[in-house]
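A.B. asks: Submitted below is the structure of interest, expressed as C-alpha cells.
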Amino acid sequence: MTSPRIADLTTAAVGGPARHYVRAGTEQAVVAAVAEADAAGQELLVVGGGSNLIAADTGFAGTVVHVVSQGVEVLADDPRGVLLEVQAGHSWDELVARAVADGLVGIEALSGIPGTTGATPVQNVGAYGQEVAQTIELVRAWDRHERRVRDFAAADLAFSYRDSALKRSTVAGSPRFVVLAVRFRLEHGADGSPVRYGELARRLGVEVGERAPLGRVRETVLALRAGKGMVLDPGDRDTYSTGSFFTNPILPTGALGQRLPADAPRFPVVDAAGRPVEDRVKLSAAWLIDHAGFGKGFGLPGTRNEVLDLDGGAVAGGRASLSTKHTLALTNRGGASAQDLMALARTVRDGVASVYGVDLVAEPVIVGTTV
C-alpha cells in the first residue's frame, strides 16, 4: 500500500511520509502489524484518529500502523449497568452519540472530542468534569515487551489527570502497550451524570452537582466546544489542531510563587474516584497564555500569510497561530509545517514561564521534533 503523508492522518495536517504504512482493521491485524515491525527492529508509530499527534516534516522512518478497527458490543445489561466493549479504531464521538441515544449515562460530557476510542484510556481523556477513568472497566492491549495480549482492570491503570500507566510505559522509545479494545460500564438514565463543571452548569441552567437531561448535556457540550473551535469542521481552520495543546498545570499550593496574581483562576484537584487531592491546585493554561501576552490569533513573524479579523480588530496571524477562538489550540491556518507549530509552541511556553514562572507541558504525542 502506498504510504500516505502523516499529515493526511492527523487533524493538525502536518507531518511527512511514513516509510512503511499498515492499515489494520481488526485486533488480529493490529497485533500482527505491530509484532512484525518489532521483529524487524523498526520504529513504530500507532495512529488512530490522529487528533493528538504532531509528526516531523521529514516524516517517519519506521512503520505507521493505522488502527481502524470498528465495532461496539453489548457484553452485559444488568443492575450494575450496561457493559460495552468498543474496538480501538471506533470513532469516540460516534460512541458517545450512540450512548446518549440509547439512554446510557457517563460519557455525555465527552461529546465532540475527536479521535478514536483506543486513545481515550492512554491519556485519560476528559472534559467538562468527566474523565473516561470514571467509566472504564477494562482495557485489552498488546504488550510489545511480553509479546502477548493482556487485560487491565481500571485499578491497574493508575489513572490521573491526562495520564495513565499505559502512557508512562514505553519500549524502545515508544508506547509498550497498544490498545485493542476498551470496556465501559454505563448506567441507564434519562438525565446525565451530576454536572461537575461550572461553565457547563451555567449553560445548562443548573447548579454544580445537579443533573440535566442527557441529550441536552450533549447538545450543550457540542455548542461549547464548537464555540472554541474544538469540534472538527473542514471549513474552519481553527479546528486544524490537536485541540488543547498544553495541559492545565497542577502544582503544590505552596509552589505558586509571587508572580501569579490573585485573580488567576484556580481549581481543586480530584483523583480518578472524585476525591479531593490535598495540597494541589490546578491552574488554567488558557488564562496563563492569554495573560502572558499571547492572545487569540497570535502568530510568529516569518510565518504570517494572512491577517485575522477578531471582533473588528486586525491581528497578525500566520501559517501557524493560536486559534481565533481559544488560546489553548495551536492551529494550522493553511500550509503550516510541524516546524511552524513547534516554534509557536516554544514561544508560548517560554513566555508563560518568563511571566509567571509556570512550566506548561505539551499534551500531544510529538514525533521526530521537539517543543
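A.B. asks: With a 1.4 Å probe and all protein chains kept in place, how do Val355, Val348 rank by accessible area, largest first?
C.D. replies: Val355, Val348
A.B. asks: Spelling out what I want: for every residue of segment 321-338, take phi, set θ = phi - 60°, compute 6.51 cos²θ - 1.76 cosθ + 1.60 (Karplus), and round to whole Hz; glycine and proline get x.
C.D. replies: Those phi angles translate into 8, 5, 4, 6, 10, 7, 6, 7, 9, 9, 10, 9, 6, x, x, 6, 9, 4 Hz.
A.B. asks: Let me ask something else. Take the alpha carbon gyration tensor of segment 176-231, find the square roots of its eigenvalues, order them as a ≥ b ≥ c, and report rounded if a/c is under 1.5; if not, report prolate when a/b exceeds b/c, else oblate.
C.D. replies: Values: a/c = 2.36, a/b = 1.43, b/c = 1.65.
Oblate, since a/c reaches 1.5 and b/c is not below a/b.
A.B. asks: Next up: Roughly how many Å² of Arg196 are accessible to a 1.4 Å probe, to the nearest 10?
C.D. replies: Rounded to the nearest 10, the figure is 150 Å².
A.B. asks: At what distance in angstrom do the alpha carbon centres of segment 189-231 and segment 1-47 lie from each other?
C.D. replies: Here the two parts' Cα centres lie 36 Å apart.
A.B. asks: Could you compute the net charge surrounding Ser69? Neighbours are other residues with a C-beta less than 14 Å from the C-beta of Ser69; K and R count +1, D and E count -1.
C.D. replies: -2
A.B. asks: Which order do you get for Met230, Met342 if you rank them by accessible area with a 1.4 Å probe, largest at the top?
C.D. replies: Solvent-accessible surface, decreasing: Met230, Met342.
A.B. asks: So which residue, out of Thr331, Thr58, Thr247, gets the largest mean-square fluctuation from a GNM of the chain using Cα contacts under 10 Å as springs?
C.D. replies: Highest fluctuation of the listed residues: Thr58.
A.B. asks: Round to the nearest 10 and report in Å² the accessible area of Val270, as given by a 1.4 Å probe over the protein chains' heavy atoms.
C.D. replies: Accessible surface of Val270 is approximately 80 Å².
A.B. asks: Then there is this: Name the long-range amide H neighbours of Gly106: under 5 Å, sequence gap of 5 or more, or other chain; modelled H, no Pro or chain starts.
C.D. replies: The answer is Ser193.
A.B. asks: When the chain is treated as a GNM, springs tying every alpha-carbon pair under 10 Å, which of Leu288, Leu95, Leu204 comes out with the largest mean-square fluctuation?
C.D. replies: Leu204
A.B. asks: Under a 5 Å amide H to amide H cut-off, with H placed in plane at 1.01 Å, what residues pair with Phe60 once short-range neighbours are removed?
C.D. replies: Ala18, Arg19
A.B. asks: Turning to a different aspect of this structure: In whole percent, how big is the carbon plus sulfur part of the accessible area of the chain, probe 1.4 Å, protein atoms only?
C.D. replies: About 49 percent, which is the carbon plus sulfur part of the accessible surface.
A.B. asks: With a 1.4 Å probe and all protein chains kept in place, how much accessible area does Ser244 have, in Å² rounded to the nearest 10?
C.D. replies: Taking all protein chains as shown, Ser244 has close to 40 Å².
A.B. asks: May I ask for the net charge around Ala37, where only other residues with Cβ less than 12 Å from the Cβ of Ala37 are counted and Lys, Arg are +1 while Asp, Glu are -1?
C.D. replies: Computed value for this residue: -1.
A.B. asks: Out of Gln134, Gln70, Gln28, any idea which swings most in a Gaussian network model of the chain, alpha carbons joined below 10 Å?
C.D. replies: Highest fluctuation of the listed residues: Gln28.
A.B. asks: Explain nothing, just the number: dipole magnitude of the chain about its Cα centre with +1 on each Lys and Arg Cβ and -1 on each Asp and Glu Cβ, in debye rounded to the nearest 20.
C.D. replies: Magnitude of the dipole: close to 600 debye.
A.B. asks: From the square roots a ≥ b ≥ c of the eigenvalues of the alpha-carbon gyration tensor of segment 193-295, which class results: rounded (a/c under 1.5), prolate (a/b over b/c), or oblate?
C.D. replies: It is oblate, given that a/c is not under 1.5 and a/b is not larger than b/c.
A.B. asks: With θ set to phi - 60°, apply the Karplus curve 6.51 cos²θ - 1.76 cosθ + 1.60 along segment 12-22 and write out the HN-Hα couplings as whole Hz, x wherever there is a Gly or Pro.
C.D. replies: 7, 6, 10, x, x, x, 8, 5, 10, 9, 10
A.B. asks: Any idea how far the Cα center of segment 282-296 sits from the one of segment 118-133, in Å?
C.D. replies: Computed from Cα coordinates, the inter-centre distance equals 23 Å.
The values are calculated or read from the model by the stated rules, or taken from the named source; none is laboratory data. Everything quoted here is computed from the prediction, not taken from an experiment. Please note: Cβ atoms are built from the backbone with ideal geometry, for glycine as well, and neighbour counts cover all protein chains shown. Side chains included, ligands, DNA and RNA excluded: accessible areas come from the protein's heavy atoms. Shrake-Rupley method; radii C 1.70, N 1.55, O 1.52, S 1.80 Å.
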